[in-house]
Amino acid sequence: MPLRHRRKRTAEELALEVYGSSDEDGGSGFESAVSDEEEMFFNGMDPAQDDPALAQPEESETPTEAQSEAAAANKSDGKKQSSQESQRWKNVDEDDADPFHHAFAPSRNPGSLLDHSREYSPLELFQLFFSLEVVNGLCSNTNKNAALQKQKGKKYKWEPVEISEFLKFCGILVFMGIIRSPRIQDYWRTDNVWQTPFVRKVMGRERFQAISWSFHISDPDADKENVKKEKADYDNLAKIRPLMESIKFACKAFYHPRRRLWIDERMVPTLVKSGMKAFLKSKPHNWGYKLFVLCDSATGYTCDFKVYGTSSPRVTSHGLSHDSVVSLVDPSFLGTGYVLYCDSFYTSPTLFRDLYEMKIGACGTVRENRSGYPRTQENGLSRTSERGSMRWIRQGPLLFVKWVDTKEVSICSTIHKAYTGDAISRKWRKPDGTCEARKFHLPAAVKSYNKYMGGVDFSDPKLQSYTTRRRTYKWYKTFFFHFLDMAVANTYVLYREQCEVKSKKTMTYIDFRRGLCVQLCDAKVKVALPKIVPMDHELERIAGGRRVCRQCKLEGRRNDTSWQCARCDVPLCGSAARNCFRKWHLDDKVKVVKRLHLKKGVRSKGEVTVTIE
C-alpha cells in the first residue's frame, strides 16, 4: 500500500504546535499569539522592509502599482522609483568609481584593554564578567527565592549559598559542559565504570540540586511588582535584566573591537512552550530565544547583544532589521570608520545610508524584494546566465551587485568598487562528463563578505561546543546558561590576546575550560591522580660491581643489583620483573633515607633527603 503524502505545514501551524497558551514559569511576559508579522519573521523577512509580492521579480521592467506604493512608503530609500527605472545593470567591463572610505578613528585602542604588564589567570579573567558584586547579587536573590519556596511548602534541605560555593556551582556546570551525561544524577554515581569523583569532591548532589532549584537572577520582591502587562513600565525581561546588563557592560569595558564587525542572529535553543520563542530555519537549532549580536570579525568576541521579544515595541517605521543594527552600532562607543558585515535579514538601502551618515561602512547580502532595491530589469541577469556572470548598479554611496555562482547572489556595499580584477577557481563540468578548473570573475564585495563573515563560524561553535546548557522549564535559567557560555568564550578571547602580547603558547579552548573549571571549583580540592616517578630521577649502571638493593632489603630479602638511582645514589633493581626503582620512589612508607656520597674515592655518609609522597 503506498504511503500517503503528508501536507507541508505552514509556519503558523508549526508555531501553534510548539507555542503554549501558558508559560511554565508564569512570568516571561510574552504572548503566544502568532501575528502576520511574526509569520514573516519565520520566513526570514522584515514586514517593514520586505514585500512578499516582490519575492520573485517579474520579467516586466515597469513595477506594478503595489510595488510603487511599497517603495514610496519608505522615506529613506534615497532615490525615487522613476530614477530607478531609468538605470540599467552594468557589465563587468564597465568601470566603477572608487567609493569614499571614512578614516578609521576608534574611540579606544582596539583589542584587549587589560593591563599588559601583569598576567591574568583564567579565573581572574572570568571574574571580569562574573564579578564578586554580580555573584553576590545572584546569591542574595537565590537565598530570597529559596525562602519563598520553603514558605510554599517545598521540602528540600537549604542553607544560604555564599560566593565561594556559587563559584563552585558554576565550575561544576563548566565541567558538565565538557563531560556530558544524560542526567544530573549520573555525575554522582559511585560505580567504577561511570563515576566522576571530581564532582563528588567539590559538592554533594543534594546541595547542587538545591542551588539549581532555588537559583534566581532578579530580586523576587521586585518581580511581584512587575506583574501587570498592561502597565506602561512593564519589563518583559525583568527576570534576566540584572545579569544581562552586567554582562553587556563587561563585554564593552574590557575589549574594544577592531575595524571589521559583523552582526547576526543567535539562537538560544529551547523546547519549552513559550511565546518568547522564535523560529529560524537557517540555524542548526530552529526554535529558541533569539538574540541580535554584534561581534568582532577577527576574534569572534561578543561586543554587545540585544534580546528579541515578540512584544518588543518598534522604535522606528524602518522595521526590526534596521532598529536592531542601529541600537547595537553606536558611534559614540565604537568611533568612526568601522565596517559592518551582515546577512540579508538586516541589509537594506535605508540602513546602509544611515550607517554611511554615521561614518560606518557596510556590506551584506540583500533580498531583491527589499524596499529601495533597484527594480529595473534592463541588461539584468537571466536564469540562463553562465556561472561567473555579474551585473552592478551604483546609487550614490550604494553599490548593488548581482553575481552567479551555484545560484544568483545579490549583495550591497558602501565600501567596495564593483570589480577590482579578482578571480575565483571553480570546477566546471564538460559536456563529456569530466571536470576542469576554470576561473571566473569575483566581485570585490563578495570576496570581502566571505572573508570577514568568518567570525560567525568562530563565535557560534565556541558557544555550542561544551555548552553548560541543561534542560529546564525556567526561561531565565536558559539565559543564565547562555550568559555563562558567553562569558567563558569572551574570557578565552582575552586570554589569547594576553598570550599574543607576551608571546606565549596558547591553550586550546577545551584545555582553557578545563583549567577554568579547576580554578572555579577551588584549586585546593585534591583529586587522586596516578603517581609518577619525578623526571629528575633516573637509573644508571653502578660502576665497579654490584650492590645490595635497598628496596629488597626493606622488604626482608637480599638481592644484588648492578643499577642505582643517579640522583639518590641508592642501589635499586631495575628489571621489568622486579621494578624496585619505581617502588622506592612511590612508596609512602619510605620517608627519610641516608644518602652516600663518594668523595675522592672514600665512602662517607652525607646529607639526608626526603622522598616525594
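The values are calculated or read from the model by the stated rules, or taken from the named source; none is laboratory data. Just so it is clear, the model here is predicted, and its values are computed rather than measured. Cβ coordinates were reconstructed from backbone atoms using ideal geometry, including for glycine residues, and neighbour counts include every protein chain displayed. Note: areas computed on protein heavy atoms with side chains; ligands, DNA, RNA excluded. Shrake-Rupley method; radii C 1.70, N 1.55, O 1.52, S 1.80 Å.
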**Prompt:** For the residue pair E378 and N450, what label-to-label distance in nm results when each label sits 7 Å from Cα along the Cα-to-beta-carbon direction?
**Reply:** 3.2 nm
**Item:** Amide H within-cut-off set for S348, under 5 Å, with H built and near neighbours excluded
**Value:** none
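How high is the relative contact order of segment 90-244, in percent, with contacts defined as C-alpha pairs under 8 Å that are six or more residues apart?
About 25 percent, as a whole number.
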**Request:** Can you tell me how much longer the chain between W213 and R557 gets when fully stretched, taken as 0.36 nm per residue apart minus their C-alpha distance, in nm with one decimal?
**Result:** 117.8 nm
**Fill in**
Rounded to the nearest 0.05, FRET efficiency between E500 and S131 (Cβ-Cβ, R0 35 Å) equals 0.90
**Fill in**
Mean Cβ-within-10 Å packing, highest first, puts peptides 194-203, 413-422, 486-495 in the order 486-495, 413-422, 194-203
**Request:** Would you tell me the accessible area of Y234, worked out with a 1.4 angstrom probe on the heavy atoms of the protein chains, in Å² to the nearest 10?
**Result:** 50 Å²
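Return the loop-located trypsin sites (Lys or Arg not before Pro) in segment 95-148 (DSSP other than H, G, I, E, B) with at most 16 other Cβ atoms within 10 Å of their own Cβ; answer none if there are none.
Of the trypsin sites (Lys or Arg not before Pro), the ones in loops of segment 95-148 whose Cβ has at most 16 other Cβ atoms within 10 Å are R108, R118.
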**Request:** First measure r as the distance between the Cβ atoms of D221 and R118, then evaluate 1/(1 + (r/R0)^6) with R0 = 25 Å and state the FRET efficiency to the nearest 0.05.
**Result:** 0.05
**Request:** Please work out how much accessible surface E162 shows to a 1.4 Å probe, ignoring ligands, DNA and RNA, in Å² rounded to 10.
**Result:** 120 Å²
**Request:** Please find the FRET efficiency linking R582 to E206, where r is the Cβ-Cβ separation and R0 is fixed at 45 Å, and quote it to the nearest 0.05.
**Result:** 0.65
**Message:** If I ignore ligands, DNA and RNA and count only protein heavy atoms, how much of S131 is accessible to a 1.4 Å probe, in Å² to the nearest 10?
**Reply:** 40 Å²
